[in-house]
Every structure is written in structure tokens, then in C-alpha cells.
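Only one structure is covered here, and it is reproduced in the block below.
The values are calculated or read from the model by the stated rules, or taken from the named source; none is laboratory data. It should be emphasised that the depicted structure is a prediction, and the values quoted were computed from it without experimental measurement. Ideal geometry is used to build each Cβ from the backbone, glycine not excepted, and the neighbour counts take in all protein chains shown.
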Amino acid sequence: MLRTRALRFAAVTAAASLALAACGGDGGEGAGGTDGGEGEPLIIGAIFPETGDLSHLGPPQIEAAEYAVQEINAAGGVLGQEIPTLLRGDEANDPARAGEAADRILADGADAIIGAASTGMTMSFIDRVIDAEVVQCSGSNTAPNLTTYEDNGFYFRTAPSDALQGPVLAETVFNDGHSTVAIAFRADDYGQGLADATAAGLEELGAEVVMNEGYDPNSANFDAVVNQITNAEPDAVVLPSFEEGVQILTPLLEAGYTPDQIYSADGMRSETMGETVDPDDPGVIGGFSGTAPASVENEEFDSGLREFAPELEVFQYAPQVFDCVTIVALAAEAAGSTSAADFSQEMVNVTREGEACSSFAECRDLLADGTDINYEGASGPVDFTDAGEPGTARIEIWEHDDEGVQSVVDTVDAGPL
Amino acid sequence: MRKRLVTVLLAVAAALLAAPAALADGGGAFQGTVEGPGEEPVEGVEVVVSDGSGEVGRDTSDSAGEWRVELPEPGRYTISFQTESFPEGLVPREAGDEEAQRQARGNEQRVVFFLVEEGQQQTGEDAAPSASPTGGADEGEDEAADGTAGEVLGDPEQTGGTFGQRAVQLLVLGVLYGLIIAITAIGLSLIFGTTRLINFAHGDMVTLGAILALVLSAFMPFWAAALLAVAGGALFGGATETFLWRPLRRRGVALIQMFIISIGLSLFVRYLINVLFGPNRERMRAYQLQESFQIGPVSLTPRDVWLIGLSVLVLVAVGLMLQFTRIGKAMRAVSDNRDLARSSGIDVDRVTLVVWMLGGALAALGGIFYGLSQSVHWQVGFHLLLLMFAAVILGGLGTAYGAMVGGLVVGIVAQVSTLWFPAELQNAWALGIMIIVLLVRPQGILGRAERVG
């Protein structure tokens, strides 16, 4: 890993400086990277949460997509043409608005759509994207039901299915010595998928799942959910929630549970969770832990993205989105076409079996030599399965310490099932 | 020597720490316990761990029922508990349990194996779901986990509950929820009563109050911040009346247009708050994380008790005001018949202004109470709005008392319904009750039947 990262960094820097130099000249070299160049440019749309319950996950994904486009354009663009400015849409955690955004971006002639961030929003427009024969790639959809969704080969994701995260979450809870577990999940594709995968994992380990129930994430009052949990008398509680989970976490603490009995996952992972629970004493959630697909643990990518977007505070799913954009661009290079019907066939191929490469420029040069490539992404090896998603995943286990500060305490590889 | 020390440390650490124990070198380890029918450790059970190519390690459970096998690398392993080493008369809890496939991920993995009396064994099928009647074996499992975790768990006496105890607890939670809805809904109802306007922006007045209190409490004691926030709510209500609704009424804008304008105002205020305050949920800065205490079957935090008390006080005060003060009587008069009130010499515009200010203040107060009991975010009021409408219509449109009763019914039904139905459906039941009541009593619980046409 380290070696490829160093290579990638070197390649990216080299490519970037070359491209900059070229721009300083007449731009003659910038368009001369590979053959082609006469066809249409690759048009990419991006649908991310700019408002709504998941809007804290929006900025890292938006910046990562923009960053990827900048890197690709700096390396000479796709098939010799620069990728135009991203067509942006807001998923707003609202199916109607996400659908509108998709319609608009499809009408503007996108060849690929990056997003949406939440599985529910992806579900609200995935059929239109498939019908329009446009490639969709999400960096953060994790619901297991997307694996088998009939997508005619147009839907991809770089985030691992919760079928991989669930068992790791189950083991984390079980390894801590908890044997009776209650799960209260937000009733949507994400919550349900992760909850079921976790429950199955727990039962396989021999733990008892005393409750596995959904709640309405838009509910104005969570007292009843908390009451259901405390009545089930579990010795650990798992909350596959988004931010609203704090309204279950806090009353559980008041009911006498300690934070080390409470677990969650990527949806509720937040550096500032401690301040949210108690602004005066963030340490009250010391021990609260959970899992998440490993996010930025990648120095080069991290510093590159920080430089690109200095004001960014959260990095969750940024590498996955970066990989989505890069894989789309590489697939177009491999297919020699920016038409989604053509390059969708190459999406899986460029991620596995071949010579490893880790940046757009490096991979593109290999492709130009006729070599089969294996893109090693910013988020990990990627290696798509035939279903167009990672077959293995690196899952990190995070925990808040007694100061309330969150850190990664362990990283494990999950996978093939 | 080192290994034994590590083993002991890990056995303790794995049980005590929330974090998985430190990574062992290489492939990690399986670390397990063998438990008998009465939750007691079983000694002398032989465990063999093997991968595809053969055995990688074996151990025998010690007097604490514990065993441990180090693994060469992450991967999939088979753990076999040797049947001939089981104590006389004991069999695995489930047929086939003696051979388990486990994924090793380079860390410390806990493995628990249960033995039960012969005849207590379950076949694979009926044991699979958690709901299976596992009886004694599972009890043992719970106890054992409690013991090893070394934690004081959710205090069973406090949380455990028969159906009756749960019902009482949920009833009290429902009352708390209902009182808060009632406080916010009174304004909505009075405003409708005096101006016939369905104020869609009422929810965002609730949000405004909660957020004002949260922001101001950074600079002053919470009670002062709350008072200022309530004043701010009144000011906002008064301002919208003075600068928006009154001019619109003067120009003769029809009600349906005003209704749409209120939706616009609602969206504007909501997204303005989103931009200024951010999209995250926050908790109020005061009265947080209090320890619950027990009154009979009910477990409440002191905060909840105060909220219930203050809410009742506010509702009684509003009731007295409407019943006995001059302005209260005038409000009811305008609400009954605007034209008749005007012709009998009541300054209708002034009364309307007071109603808006009162509505704004109560909405803000409801928002603060809600923020204390739940959390503060930019959509607080929006999520409450439908329930407020339900409360107002259920209780009888335009009457303040109706809004109080309606709010209580909505809150209680929403909470108590979770005794039988999933929590996801709690609001559906509250709104369902509204439909049923309206079918029987179209004017609402306290509404007065009106002749139409």
C-alpha cells in the first residue's frame, strides 16, 4: 500500500506540474495526451446532500469529486478533452428533490452521475439513470439490497456493502463481552440493511438479539424508542442511525447505560458527537464506539484534498467519491469512448486484474500502451466484483475517549462473504 | 511466560474494555469461554482450530471455562469442540454447534460455546431466530455477560417492566410530549380563530424559539436566555402581523393566497436558520444528562418533571387569561365572530396583534421545552407542525382549550401506541385517531358545531 501511495503521489505531482507547465505554454500538450480528442467530452454530474439531514456528509463528497476532476484535467483530461465543470444537484434527503436534480442533470447530457450519498436518495432516481443508459457511481451507498438491484450494469459503488460492515460491527459488540443486544435503526434502506446484517452476525456468534426495530427518522420524539430499548434490557445497544441517533443516545445515558454499551456505524460517526451530547463535557460519551468503512488514512490523498479544499473539516467518504470519478474517467479511456453505454462495460475491468496503478495519469498511460490495468484507489484496492462494488472492505473501528475525542482504534479487513 | 501474561491480560481486557484488545501479532486469536447449563464455566473441553490445510492450534478450557488459540494469519477457520471431552450428559446448545466457522481478522475474537443438558438441545431450525424460546441457556448467557463485562447495566429494576409498568411510563412520556405540542398549538389555533389564517410558518416560530435560546445561552444563564427567546418569539409574531399579515388583509388578499404566503415564509425562515445555524442537531446547554429517578413504575429525569410542571402552569395561566382578563375575553370574542366583535367596539387589529405576539411567545416557549427534552435542529418545528395541526383540528379549530386537549391526545396516543405497534408508526396512530374522532365529531372534541351554508 505504502509503496503504491508514494508512487501515486509522485505520479500525480509530476502530472500536475507537467500540465501546469503545458497550460503556461500554448496548451498544445494538454490536449495531446492520448488518441481521440474529437469525440464529446466526458460530462459528469454529481448529486450530493447540500441540505437536509445528511448535509454534513455533503462537503467532503463534493470537494472530493471536484478534486478528482481537477486531477484528471491536470493530467490532460479524458481522451484528450477536459472534463467540464461538474453538473451539481442537491439530494436534500428528499426523494422529490433528488429526482428533480437527476432529471435536470440527465437532460443536460451527463454521461455519468456521481452520488447520491444516501441509499434512499439513490433509490429515488436510479431507475431513471439506468433507463437513460448513464453510469451511476456512489461513494457512500452501503445498503446490501443495491448489490442485487437490476441495474443493467450501469450502477456502481466504491463503498462496501453493509453486508461486509455488519459482521464486523457484530464482532466489535460481541468481542467487548456483550451477549444481549438491542438494535434500533432508522427505518430506511441504510438502517435496515445494516441492522439486519449486524443482527445476523450477532446471532451467528451466539449473541441474543433482543430487539431489532426501526424508527421514523423524522419523528419529533424518540422517547418511545428509548423506552422500547430499555425494556428489552440489553447489555449493548446498536444504533444504525444518522445524526438523529443522538436523540436516542442521550436518553440512554440518562437511563443509566454507559457509553461503552452503545455502538453505532458510519452514519453517526462525528468528531463533534461529544459536544453535541454535552457542550460542557464532551467526555461523557467516552467509550462510545462503532464501525465505518475506512475513510482517509491515506496521507497523499489527505494532504492533496486538504490543499484543494482547506476549509474542509469532515473527510468521510471523500476517497470513495474520488475513486468513483477516477474509475469513470479510466473506463472511458479504456473504452475509447465517452458514451456511457460503451464505458460502462469497462468499469469493472479497470479496477481489477492487471498492472496496478494508482493515479489517473499513471493508469491512463498504461492503458495507452495497451496494458490491462488494476486501479488501486484512494479508498483501497477497490477491485469491483461483477456486481460493480468492492468485494472486500477495510473497516475501521472508531471510539471516543474520555475527552470525547474520536480516534480509530482498530482496522480490520472484511471479506468475501 | 510472555504469552501467559498476554493471555491473562487479554482475557481481562477483552471483557472490560470497550475497545477491542490490542492487536496481537499476526493473525490474532480466538479467545473463548465454555459455559454449562447453569451458566457455570466448564473445564476440560478440548478445542481444535483448523484451516483448510489442517490444525493450527488447540487448547483445553481451564477452570474459568476459558481457552485461547493463537492464529497464524487472518482468514477463515473451523473451530471444533471435541465431543468426547464434554462432561457426561452435556451436549451443545444447538446441534452442530460443536463445529463453527469463524472469520479471523487479525484481532482478538471472542467465541462463546454453550453446553446444555441432553434433551434440552435445539435443532438448527427453531434456534435460529432470536425469538426462540431458549429458556435456561439464554438466561445463563445474559448473566455471564453481565458478570464478565463488569458493568452496572441499565439497572434492571429501573427499566424492566411488566405491561402495566410500561403503559404507565409511556403514558407519562406521552403527557410530557402532549403538553409540549399543546403549548405550541395554542398559538396556531388562536391565530386561526382570530384571522382564519392557517399559519404554515408556525412550526418555524417554534424552531426560532429553540435556536434563540440555544444561541443566547452561550452568553447568559439559561433561564435568562429562555426568557429573551420567548420575548424574541413574541416580537417575531408581532412583526409578521404588523408588516406582513395586516397589510395583506388591508389589501384584501384572499385566505388561500395568505396560506401560500405562510408556506413561503416558513420555507424562508427554515432555510435561513439552516444557513445561519447549520444543519446539525445540538442539545441545549443546560439541564442535560441528568440521572433518572424512580417514582413508582415511572422513571424520569428531574428535567422532565420540571417540564411537565412548567407546561401545566403555562397552560393554566393561558386558560385563566382567556377566561377572566379583558384581552382574553376580547380574543375569544374576535375568535367567535370578527365582525360582531368589531361592531361591539373591540379594537380587532389590536387583539389580532396580541394574539400573534402570544402565539409567537408560546411557540418559542414550546420550542425551548422541546429542545430541552429532545434536541435542537433547524427542522424541529417542521417535524412538529403536522402534529400541531392534528392537535388543533382534533381539539376543535380556533379554540385554545381544544388545542390543549388535542395536543395531549396526540402526544399520549403517539407514545402509548408503541406498546403494541412499532415506533415507526407512532405518528400514524396519532393522526389515525384524529381521523376517527373527526368522523364521529366533525367539529373536534371541544369545537362547537357550526351550521354551514
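Take residues that are among the charged types (D, E, K, R) and either within 11 Å of chain B (Cβ to nearest Cβ) or out of contact with any strand residue (DSSP E or B) (no Cβ under 6 Å at 6 or more places or on another chain) (or both) and tell me which of the helices (runs of 4 or more DSSP H) falling wholly in the stretch A:143-257 contain 2 or more. Reasoning before the result, please.
Details: elements: A:162-175, A:189-205, A:223-232, A:246-254.
In the stretch A:143-257, A:162-175, A:189-205 are the helices (runs of 4 or more DSSP H) which contain 2 or more residues that are among the charged types (D, E, K, R) and either within 11 Å of chain B (Cβ to nearest Cβ) or out of contact with any strand residue (DSSP E or B) (no Cβ under 6 Å at 6 or more places or on another chain) (or both).
Scan the stretch A:94-101 and tell me whether some residue there is surrounded by 24 or more Cβ atoms within 10 Å (Cβ to Cβ) and not aromatic (Phe, Trp, Tyr). It would help to see each step written out before you state the result.
Of the stretch A:94-101, the ones surrounded by 24 or more Cβ atoms within 10 Å (Cβ to Cβ) are A:98, A:101.
Checking which are not aromatic (Phe, Trp, Tyr) leaves us with A:98, A:101.
For the stretch A:94-101, residues surrounded by 24 or more Cβ atoms within 10 Å (Cβ to Cβ) and not aromatic (Phe, Trp, Tyr): present.
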Just give me the residues in the stretch B:386-416 being under 22 Å from residue B:313 (Cα atoms), more than 14 Å from chain A (Cβ to nearest Cβ), surrounded by 24 or more Cβ atoms within 10 Å (Cβ to Cβ) and aliphatic (A, V, I, L, M), in sequence order. B:392, B:400, B:403, B:404
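Answer yes or no as to whether residue B:364 is at negative phi, small (Gly, Ala, Ser), over 26 Å from the mean Cα position of the chain (by Cα) and surrounded by 24 or more Cβ atoms within 10 Å (Cβ to Cβ).
Details: at negative phi: yes; small (Gly, Ala, Ser): yes; over 26 Å from the mean Cα position of the chain (by Cα): no; surrounded by 24 or more Cβ atoms within 10 Å (Cβ to Cβ): yes.
Judged against the criteria, residue B:364 is not a match.
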Just the residues that are more than 8 Å from chain A (Cβ to nearest Cβ), crowded, with 24+ Cβ neighbours inside 10 Å and in a helix (DSSP H, G or I), please, taken from the stretch B:374-384. B:381
What number of residues within the stretch A:258-281 are at the interface with chain B (Cβ under 7 Å from one of its Cβ atoms) and of a type in the set (Gly, Ala, Ser)? 0
Taking the stretch A:159-207, which residues are surrounded by fewer than 23 Cβ atoms within 10 Å (Cβ to Cβ) and among the charged types (D, E, K, R)? A:188, A:189, A:196, A:203, A:204
Among A:390, A:381, the single one that is surrounded by 24 or more Cβ atoms within 10 Å (Cβ to Cβ), modelled with pLDDT under 90 and not polar (S, T, N, Q) is A:390
Of the conditions (1) farther than 30 Å from residue B:377 by Cβ; (2) out of contact with any Ser or Thr (no Cβ under 9 Å at 6 or more places or on another chain); (3) in a helix (DSSP H, G or I), residue A:120 clears all except one; give me its number. (1)
Helices (runs of 4 or more DSSP H) contained entirely in the stretch B:184-291, each with at least 2 residues that are of a type in the set (Ser, Thr, Tyr): B:255-277
Against the condition crowded, with 19+ Cβ neighbours inside 10 Å, touching a Lys or Arg at 6+ places or on another chain (Cβ under 9 Å) and either modelled with pLDDT of 80 or more or not small (Gly, Ala, Ser) (or both), how does residue B:109 come out, does it pass? yes
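Among A:404, A:388, which is in the same structural domain as residue A:169 (by TED's automatic domain parsing) and touching a residue at least 40 places away in the same chain (Cβ under 8 Å)?
Details: A:388 fails: in the same structural domain as residue A:169 (by TED's automatic domain parsing).
Testing whether each residue is in the same structural domain as residue A:169 (by TED's automatic domain parsing) and touching a residue at least 40 places away in the same chain (Cβ under 8 Å) leaves just A:404.
For every residue, the table says whether it meets (1) under 17 Å from residue B:36 (Cα atoms); (2) within 13 Å of another protein chain (Cβ to nearest Cβ); (3) surrounded by 22 or more Cβ atoms within 10 Å (Cβ to Cβ).
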{"residue": "B:83", "(1), (2), (3)": "yes, no, no"}
{"residue": "B:89", "(1), (2), (3)": "yes, no, no"}
{"residue": "B:93", "(1), (2), (3)": "yes, yes, yes"}
{"residue": "B:101", "(1), (2), (3)": "no, yes, no"}
{"residue": "B:115", "(1), (2), (3)": "yes, yes, yes"}
{"residue": "B:118", "(1), (2), (3)": "yes, no, no"}
Over the stretch A:41-53, the set of residues touching a helix residue (DSSP H, G or I) at 6+ places or on another chain (Cβ under 8 Å) and of a type in the set (A, V, I, L, M, F, W, C) is A:42, A:44, A:46, A:47, A:48
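Being within 27 Å of the chain's Cα centre (by Cα), closer than 16 Å to residue B:186 by Cα and not aromatic (Phe, Trp, Tyr) narrows it down to one residue among B:299, B:292, B:311, B:335; which is it?
Numbers: B:299 fails: closer than 16 Å to residue B:186 by Cα; B:292 fails: closer than 16 Å to residue B:186 by Cα; B:335 fails: within 27 Å of the chain's Cα centre (by Cα).
Criteria check complete, one pass: B:311.
Mind listing just one residue for me: the one in the stretch A:393-410 that is assigned to a strand (DSSP E or B) and more than 9 Å from every other protein chain (Cβ to nearest Cβ) and, of those, farthest from the chain's Cα centre (by Cα)? Write out each step before concluding.
At the first step, the residues of the stretch A:393-410 found to be assigned to a strand (DSSP E or B) are A:393-400, A:406-410.
Pick out the ones that are also more than 9 Å from every other protein chain (Cβ to nearest Cβ) and you get A:393-394, A:396, A:398, A:400, A:406-408.
Values: A:393: 12, A:394: 12, A:396: 14, A:398: 17, A:400: 22, A:406: 19, A:407: 19, A:408: 17 Å.
Only one residue tops the list, namely A:400.
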Selection within the stretch B:287-331 - without any contact (Cβ under 8 Å) to a residue 60 or more places away in the chain and charged (D, E, K, R): B:291, B:326, B:329
Selection from the stretch B:283-296 of residues that are within 7 Å of chain A (Cβ to nearest Cβ), closer than 12 Å to residue B:372 by Cβ and modelled with pLDDT of 85 or more: B:283, B:290
Please go through the stretch B:426-449 and pick out each residue that is within 19 Å of residue B:184 (Cα to Cα) and either acidic (Asp, Glu) or part of a helix (DSSP H, G or I) (or both). B:427, B:430, B:431, B:434
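For every residue, the table says whether it meets (1) β-branched (Val, Ile, Thr); (2) farther than 18 Å from residue A:215 by Cα; (3) outside any helix (DSSP H, G or I); (4) at pLDDT 90 or above.
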position: B:387; (1), (2), (3), (4): no, no, no, yes
position: B:406; (1), (2), (3), (4): no, yes, no, yes
position: B:413; (1), (2), (3), (4): yes, no, no, yes
position: B:424; (1), (2), (3), (4): no, no, no, no
